[in-house]
Amino acid sequence: MSKAFDVVVIGGGPGGYIAAIRAAQLGFNTACIDEAVNDKGAPALGGTCTNVGCIPSKALLQSSENFEQAGHHFADHGIGLTNLSIDVAKMLARKSAVVKQNNDGILYLFKKNKVTFFHGRGAFVKADAAGHEIAVTGAKLETLTAKHVIVATGSIPRALPGADFDEATILSNDGALRIPAVPKTLGVIGSGVIGLEMGSVWRRLGADVTVLEALPVFLGAVDEQIAKEAHKAFTKQGLKINLGVKISAVTSDKSGVNVAYTDAAGKAQTLACEKLIVSIGRVPNTNGLNADAVGLKLDERGFIAVDADCKTSLQNVWAVGDVVLGPMLAHKAEEEGVAVAEHIAGQHGHVDFNTVPWVIYTAPEIAWVGQNEQQLKAAGRAYNAGSFPFMANGRARALGDTTGMVKMLADAKTDEILGVHIVGPMASELIAEAVVAMSFRASAEDLARICHAHPSLSEATKEAALAVDKRTLNF
Ligand code: FAD
Ligand code: NAI
């Protein structure tokens, strides 16, 4: 017999589990289906983000940064260490424990909010506005009916043709998060977010890391000045970043991988490495959903086609997160999940894509919100720019981390903040102030007039706001 729900969510990542919680909060009888399992065969709620994305990568970034600090910077503080070593197995076990805390946390949240969880794969049987039917294939087969279905099936890594992931030598994000011992040499294809974060982890632990990037520019989506500063810092740390390359062949055996490529000058090169991370973007995941059979429309790139409210081609079927167009970010997925649940309740859920922040958790961290200088120039928008270097910030000096700057762009006429770009310490936390300011459509002067604690890194944001009007106080 089928079980009837108001809302069934397929996928328990940040898009899906948050949509389910919000729908339940709004009074709907809600179920969430997720098929992920941990290494013990138990449910692993939280999707890519929790299992093989945001959370484990940040755990390893923290461990490896601690190692880097202990090895290279503690001495500046008068702290001496001998026989510094890294126990990779312990580091990975800690990461897995952090992941499990998050998996269990979501199960707890489901109980608290009375979301019914089904462990298994969800697939459409029938899509009918009067009541959709979803089959769950797990330990047993169940059939659910739902007035509304929210698809949040996420994304999977894009493979390089001719270089299938084996997760032993050719690694996706999954394998990159569980390399059992520090490789002597590590190749990374793609200098995007995963390439830089995972490349940084293993470089800090001692690997010789070479990054091969197809585009001739570094971090093309980032404000040029910020990207340049980051490139300088990463190169100084020892990341070898080769831009404008064309990969011709990847061959591997038990001893490692050979990558044949043409460099930016058109010269044939070979990179031999013990392990290779391929991080060239991700593709939407609609595997096994039975989308075709029920007429759920995909776009030409395989994303579920949705309108601005995340409505699909089928009535009362919605889709959120990585499986629909837009930045592949956990917080974007979450915002869409909340907005859809609120739409179902007849409310006016909305995601403001102009204020979705981006963060790259390298050291220095890179964070931005809104438009960059290249975009404003291309749009012909008149703007004023102000920046403030961490070199002139007291807290950054005390921390011993003065790399980078905060840069603010504001409309030339109205002074409304159009974008904030940060490279430097704790950029991931600092960007929140800019997001709040832009969400309230603040001007640079508004921010400049707000009292900021001293000494704090956030004073650099205030000073960047002052710099828009060419009146910094400390630089
Ligand atoms: P997902 O998290 O992919 O979840 C989809 C879930 O649906 C999965 O559990 C999957 O098993 C399940 N599923 C799929 N099909 C079915 C089915 N038919 N039936 C049942 N279950 C199904 N973003 C950030 O914002 N910050 C970061 O720091 C960050 N770091 C990242 C690091 C890495 C290495 C990677 C790979 C990604 C990172 N991301 C980060 C991106 C982030 O993980 C994704 O944007 C986010 O997870 C998308 O959420 P989602 O709910 O759309 O999908
Ligand atoms: P990405 O889109 O960030 O970067 C991919 C890079 O690979 C690009 O620079 C691209 O030019 C390059 N590339 C593509 N094809 C290539 C080829 N054949 N040869 C060489 N280079 C090639 O994708 P990535 O790093 O795989 O991450 C996927 C997504 O996951 C990100 O876009 C982001 O949305 C999300 N993510 C977010 C994080 C965060 O918020 N901190 C962390 C990690 C991932």
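Here is a yes/no grid of residues against (1) within 16 Å of ligand 2 (Cβ to nearest atom); (2) more than 19 Å from Thr362 (Cα to Cα); (3) more than 17 Å from the chain's Cα centre (by Cα); (4) not assigned by TED's automatic domain parsing to the domain that holds Met328:
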site: Leu45; (1), (2), (3), (4): no, yes, yes, no
site: Gln62; (1), (2), (3), (4): yes, no, no, no
site: Phe67; (1), (2), (3), (4): no, no, yes, no
site: Leu84; (1), (2), (3), (4): no, yes, yes, no
site: Ser96; (1), (2), (3), (4): no, yes, yes, no
Evaluation of Glu197 against (1) within 16 Å of ligand 1 (Cβ to nearest atom); (2) in a loop (DSSP other than H, G, I, E, B); (3) in contact (Cβ under 8 Å) with a residue 40 or more places away in the chain; (4) acidic (Asp, Glu) (one fails), failing number: (2)
Considering residues of segment 240-279 that are open to solvent by 60 Å² or more (accessible area, probe 1.4 Å), assigned to a loop (DSSP other than H, G, I, E, B) and touching a strand residue (DSSP E or B) at 6+ places or on another chain (Cβ under 8 Å) only, the residue nearest to Val209 (Cα to Cα): Glu274
Check on Ser85, among the hydroxyl-bearing types (Ser, Thr, Tyr), surrounded by fewer than 20 Cβ atoms within 10 Å (Cβ to Cβ) and closer than 21 Å to Ser200 by Cβ: yes
Complete set of residues in segment 73-89 that are over 19 Å from Lys184 (Cα atoms) and either in contact with a Leu (Cβ under 8 Å, 6 or more places away or on another chain) or free of Cβ contacts under 8 Å to residues at least 40 places away in the same chain (or both): Phe74, Ala75, Gly78, Ile79, Gly80, Leu81, Thr82, Asn83
Single unsatisfied condition, Leu219 versus (1) in contact with a helix residue (DSSP H, G or I) (Cβ under 8 Å, 6 or more places away or on another chain); (2) over 30 Å from Ala181 (Cα atoms); (3) assigned to a loop (DSSP other than H, G, I, E, B): (2)
Selection from segment 29-49 of residues that are open to solvent by less than 20 Å² (accessible area, probe 1.4 Å) and within 11 Å of ligand 1 (Cβ to nearest atom): Cys32, Ile33, Asp34, Ala44, Leu45, Gly46, Gly47
Segment 349-371, residues that are at pLDDT 95 or above, open to solvent by 40 Å² or more (accessible area, probe 1.4 Å) and away from ligand 2 (no atom under 13 Å from the Cβ): Asp352, Phe353, Asn354, Gln371
Top-ranked residue of segment 173-189 - restricted to ones that are open to solvent by 10 Å² or more (accessible area, probe 1.4 Å) and outside any helix (DSSP H, G or I), ranked as farthest from ligand 1 (Cβ to nearest atom): Lys184
Residues of segment 322-331 that turn out to be assigned to a helix (DSSP H, G or I) and either more than 7 Å from ligand 1 (Cβ to nearest atom) or closer than 12 Å to Ala152 by Cβ (or both), as a count: 3
Members of segment 232-282 found to be under 19 Å from Leu171 (Cα atoms), more than 28 Å from the chain's Cα centre (by Cα) and basic (Lys, Arg), listed by number: Lys254
Among the residues listed as Asp292, Asp307, Asp263, Asp322, the single one being of a type in the set (Asp, Glu), under 24 Å from Cys32 (Cα atoms) and either touching a Phe, Trp or Tyr at 6+ places or on another chain (Cβ under 8 Å) or within 13 Å of ligand 2 (Cβ to nearest atom) (or both): Asp322
Residue check for Ala159: within 14 Å of ligand 1 (Cβ to nearest atom), within 20 Å of the chain's Cα centre (by Cα) and over 23 Å from Ile55 (Cβ atoms): yes
Matching residues, segment 198-215, being within 14 Å of ligand 2 (Cβ to nearest atom) and crowded, with 22+ Cβ neighbours inside 10 Å: Met198, Gly199, Ser200, Val201, Val211, Leu212, Glu213
Flag for Ala233 being part of a helix (DSSP H, G or I) and more than 16 Å from ligand 1 (Cβ to nearest atom): yes
Test: Leu418 is without any contact (Cβ under 8 Å) to a residue 40 or more places away in the chain and buried (at least 22 other Cβ atoms within 10 Å of the Cβ): no
Any hit, segment 147-164, residues being acidic (Asp, Glu) and either in contact with a Lys or Arg (Cβ under 6 Å, 6 or more places away or on another chain) or touching a residue at least 24 places away in the same chain (Cβ under 8 Å) (or both): no
Among the candidates Ala432, Ala444, residue that is buried (at least 22 other Cβ atoms within 10 Å of the Cβ) and either within 19 Å of Phe390 (Cα to Cα) or in the same structural domain as Arg381 (by TED's automatic domain parsing) (or both): Ala444
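The rows are residues; the columns are (1) assigned by TED's automatic domain parsing to the domain that holds Trp202; (2) of a type in the set (D, E, K, R); (3) more than 11 Å from ligand 1 (Cβ to nearest atom); (4) modelled with pLDDT of 95 or more.
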site: Ile247; (1), (2), (3), (4): yes, no, yes, yes
site: Val257; (1), (2), (3), (4): yes, no, yes, yes
site: Thr262; (1), (2), (3), (4): yes, no, yes, yes
site: Ala265; (1), (2), (3), (4): yes, no, yes, yes
site: Gln269; (1), (2), (3), (4): yes, no, yes, yes
site: Glu274; (1), (2), (3), (4): yes, yes, yes, yes
site: Leu289; (1), (2), (3), (4): no, no, no, yes
site: Arg301; (1), (2), (3), (4): no, yes, yes, yes
Count - residues of segment 91-149 that are within 14 Å of ligand 1 (Cβ to nearest atom) and at positive phi: 1
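The values are calculated or read from the model by the stated rules, or taken from the named source; none is laboratory data. None of the values given here were measured: they were computed from a predicted structure. Because the Cβ atoms are built from the backbone with ideal geometry, glycine has one as well, and the counts that use them run over all protein chains shown. Keep in mind that these areas ignore ligands, DNA and RNA; they rest on the heavy atoms of the full protein, side chains included. Shrake-Rupley method; radii C 1.70, N 1.55, O 1.52, S 1.80 Å.
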